[in-house]
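S.K.: Can you keep this structure in mind? I'll have questions shortly.
Quick note: the coordinates plus some simple rules give every number you see, no bench work behind them. Bear in mind the structure is a predicted one, so any value in this text is a computation, not a measurement. Here the Cβ positions follow ideal geometry from the backbone for every residue, glycine too, while neighbour counts run over all protein chains shown.
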């Protein structure tokens, strides 16, 4: 979609980087602090759409799985494991995206 349009790509990545870290922190807090599966489901869903636009290796799928587990109110351990994976992947992706934005 942004192919050949570096300014558009920079704008999309900028919006993504302005909103995603805080959204992930909220999701992590929800997962770590309690059992409000409805809030976990909604936050995972919200973030999933952002990762559908900015493709970061496996994040969309992990968030979709977390959303489904939270909707079904089951497998809290798997939700926690997914959160750990999501956090680790985003730490790597954050630096890569920041570098890409500087190149644009």
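S.K.: Which whole-number percentage describes the relative contact order of segment 47-96, with Cα contacts under 8 Å and a sequence gap of 6 or more?
M.R.: 34
S.K.: What FRET efficiency would be calculated for the residue pair residue 91, residue 38, taking the C-beta separation as r and a Förster radius of 22 Å, to the nearest 0.05?
M.R.: Approximately 0.20, to the nearest 0.05.
S.K.: Taking Cα atoms, how many degrees apart are the long axis of helix 59-71 and the longest axis of the chain, rounded to 10 and kept between 0 and 90?
M.R.: Approximately 30 degrees, to the nearest 10.
S.K.: Give, in nm to one decimal, the length gained when the segment between residue 64 and residue 19 is fully stretched (0.36 nm per residue of separation minus the Cα-Cα distance).
M.R.: That works out to 14.3 nm of additional length.
S.K.: Along Cα→Cβ, 7 Å out, is where each label goes; now give me the distance between the ones at residue 98 and residue 74 in nm to one decimal.
M.R.: Between residue 98 and residue 74, the label points sit 4.0 nm apart.
S.K.: Rounded, prolate or oblate: which fits the chain when a ≥ b ≥ c are the square roots of the eigenvalues of the alpha-carbon gyration tensor, with rounded for a/c under 1.5 and prolate only if a/b beats b/c?
M.R.: prolate
S.K.: Nearest 500 deg cm²/dmol is fine: what mean residue ellipticity at 222 nm does the chain get from its DSSP H runs of n ≥ 4 alone, each adding -39,500 (n - 2.57), divided by its residue count? Please list the in-between numbers first.
M.R.: Working: 4 runs with 86 residues, N = 104.
Result for the chain, helices only: -29000 deg cm²/dmol.
S.K.: Relative contact order for the chain: what is it in percent, counting Cα pairs under 8 Å that are at least 6 residues apart?
M.R.: Here the relative contact order equals 29 percent.
S.K.: Taking the Cα atoms only, what angle lies between the long axis of helix 37-53 and the longest principal axis of the chain, rounded to 10 degrees?
M.R.: The answer is roughly 20 degrees.
S.K.: Right, next: Could you work out how far helix 6-33 tilts from the main Cα principal axis of the chain, as a 0 to 90 degree angle to the nearest 10?
M.R.: 20
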